[in-house]
Structure formats: structure tokens, C-alpha cells
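Before I ask anything, let me first share the structure, which is written out below as C-alpha cells.
The values are calculated or read from the model by the stated rules, or taken from the named source; none is laboratory data. Keep in mind the model is a prediction, meaning the values are calculated, not measured. Here the Cβ positions follow ideal geometry from the backbone for every residue, glycine too, while neighbour counts run over all protein chains shown.
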Amino acid sequence: MVVVYEGAVQDLIDELGRLPGVGPKSAQRIAFHLLAADPADVRRLADALIEVKERVQFCEICGNVAQEPQCRICRDPRRSPTALCVVEEAKDVVAIERTREFRGRYHVLGGAINPIAGVGPDDLRIAQLMRRLTDGTVTEVILATDPNVEGEATATYLARLLLPMGLTVSRLASGLPVGGDLEYADEVTLGRAFEGRRLLSA
């Protein structure tokens, strides 16, 4: 028997249940936690949600999240302009930054090639990536897509585009679990994978 609560409570549970990784039971637990919480705490949460939608945008250069037209990494003159690390999502930038192994710049694709979900190369920021490579500043591209089927397909597709350009193209090394996501990898594992990245060839 499916329990349905009245009006606003069920609406809240339904909306929470639409969040990634939040199932029906978790949505119900969060909803009742919010009901019991201090109104000031709930207001802070609501304000934070509204503020992030109003103030946060995507970097016009790399696609990372930013509060200005360009993110802090793209604005940082200390970052090497010759190495570019390609990731699927902005959260992957944070995961790699935690390792302190990479001092170049990033390019966020906005996802991975996934024909089953209807996501093709044209749905990702691949055209923007190719434009960034036209002036010859970048000499190495590190493909740091997730070590799963979609990530591998995306890396293979990109390698086919990039290798004819004469760039050094590498992929993160083993150490990352196949089928996993970068955001869940610990710093040591991700750091070793970064240090041991392998070159790709045609």
C-alpha cells in the first residue's frame, strides 16, 4: 500500500524524490526532518537554493560553475595554459583539484556520450573544446572522463578528434574503479591515477 500524505507534505516528498540519489524513503525522511526543523534553518536552506540559481552561472571559457563570467581557475595566471584536463561535470574539477596533482586548466563537457539516454557528441561542449585548441597554446589534453562505459566511449571519441591535431593526449591511469564516478574516488586513488595517466595513440 502506497502512503500518500496531504497536500504540501506530499508535494515536498515528490519534489525531493526527483533529486538524484534520493529514493522515496529518503525523500520522506528529509521531508519530515524539514517539518521538525527550526523555521530559521529551513529559511536558510530555501535562501541558499534561490541564491545558487540566481548567482551561479557556468564559466564562459571552460564550463565550470562560477559566480562571474569566468571561473577562478580560468582567471588564475599561475595555471599552465598548455595542459587541459577534460572532465564530464563541474564536480569532477573539484575532485581533481583535491589531489593537487594538476596545475593546468579544465574543460567541462557537461556530460558523456550515452546513446541510450539520447546524449550524443552534439549535446556536449565538444565544439567549444575544439575551438579552445585552435590557437596552439594547449599541447597536452588529459581525458579525465569517468571510468565507465559512457566515459570510455567519450574518451575514445575525443581521442579520435584530438590525436590528428598533433597533441599529446592521455587518459587517467588505472586505480580508479571501472563503473565508478570521479567524485567518489579518494584523493590518494585519484592522485595515483593522475600521476600514472597513459598516452593514447591512433
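Considering every residue within region 46-57, establish whether at least one is at pLDDT below 95 and within 30 Å of Val169 (Cα to Cα).
Yes, region 46-57 contains at least one residue that is at pLDDT below 95 and within 30 Å of Val169 (Cα to Cα).
Taking only region 114-138 into account, find how many residues are loosely packed, with under 10 Cβ neighbours inside 10 Å, at negative phi and in a loop (DSSP other than H, G, I, E, B).
So the count comes out to 2.
In region 124-155, which residues are touching a residue at least 40 places away in the same chain (Cβ under 8 Å) and among the polar types (S, T, N, Q)?
Once the filter is applied, which keeps residues that are touching a residue at least 40 places away in the same chain (Cβ under 8 Å) and among the polar types (S, T, N, Q), region 124-155 yields Gln128, Thr137, Thr139, Thr145, Thr154.
Moving on to the next point. Can you find even one residue in region 22-41 that is of a type in the set (S, T, N, Q) and touching an Asp or Glu at 6+ places or on another chain (Cβ under 7 Å)?
Looking for residues that are of a type in the set (S, T, N, Q) and touching an Asp or Glu at 6+ places or on another chain (Cβ under 7 Å), one finds none in region 22-41, hence no.
May I pose another question? Would region 169-177 turn up any residue that is under 27 Å from Gly21 (Cβ atoms), surrounded by fewer than 16 Cβ atoms within 10 Å (Cβ to Cβ) and within 15 Å of the chain's Cα centre (by Cα)?
Taking every residue of region 169-177 in turn, none turns out to be under 27 Å from Gly21 (Cβ atoms), surrounded by fewer than 16 Cβ atoms within 10 Å (Cβ to Cβ) and within 15 Å of the chain's Cα centre (by Cα).
Still on this structure, please answer the following. Which ones in region 102-121 are closer than 25 Å to Gly166 by Cβ and of a type outside the set (A, V, I, L, M, F, W, C)? Let's see the steps before the verdict.
Quick first cut of region 102-121, residues closer than 25 Å to Gly166 by Cβ only: 102-109, 113, 121.
Of everything in region 102-121, those that are closer than 25 Å to Gly166 by Cβ and of a type outside the set (A, V, I, L, M, F, W, C) turn out to be Arg103, Gly104, Arg105, Tyr106, His107, Pro121.
While we're here: Quickly run through region 71-92 and pick out the residues that are in contact with a helix residue (DSSP H, G or I) (Cβ under 9 Å, 6 or more places away or on another chain) and in a strand (DSSP E or B).
Listed by number, the residues that qualify are Leu84, Cys85, Val86, Val87.
Regarding Glu140, is this residue modelled with pLDDT of 90 or more, acidic (Asp, Glu) and assigned by TED's automatic domain parsing to the domain that holds Thr99?
yes
Could I ask something else about it? Of the residues that make up region 162-172, is at least one at pLDDT below 90, touching a helix residue (DSSP H, G or I) at 6+ places or on another chain (Cβ under 8 Å) and of a type in the set (A, V, I, L, M, F, W, C)?
Among the residues of region 162-172, at least one is at pLDDT below 90, touching a helix residue (DSSP H, G or I) at 6+ places or on another chain (Cβ under 8 Å) and of a type in the set (A, V, I, L, M, F, W, C), which makes the answer yes.
Something else about it: In this structure, does Cys85 turn out to be within 20 Å of Leu182 (Cα to Cα), in contact with a strand residue (DSSP E or B) (Cβ under 7 Å, 6 or more places away or on another chain) and of a type outside the set (Val, Ile, Thr)?
yes
Would you confirm, using the coordinates I've provided, whether Val65 is among the β-branched types (Val, Ile, Thr) and in the same structural domain as Asp135 (by TED's automatic domain parsing)?
Details: among the β-branched types (Val, Ile, Thr): yes; in the same structural domain as Asp135 (by TED's automatic domain parsing): no.
No; evaluated as a whole, the condition is false for this residue.
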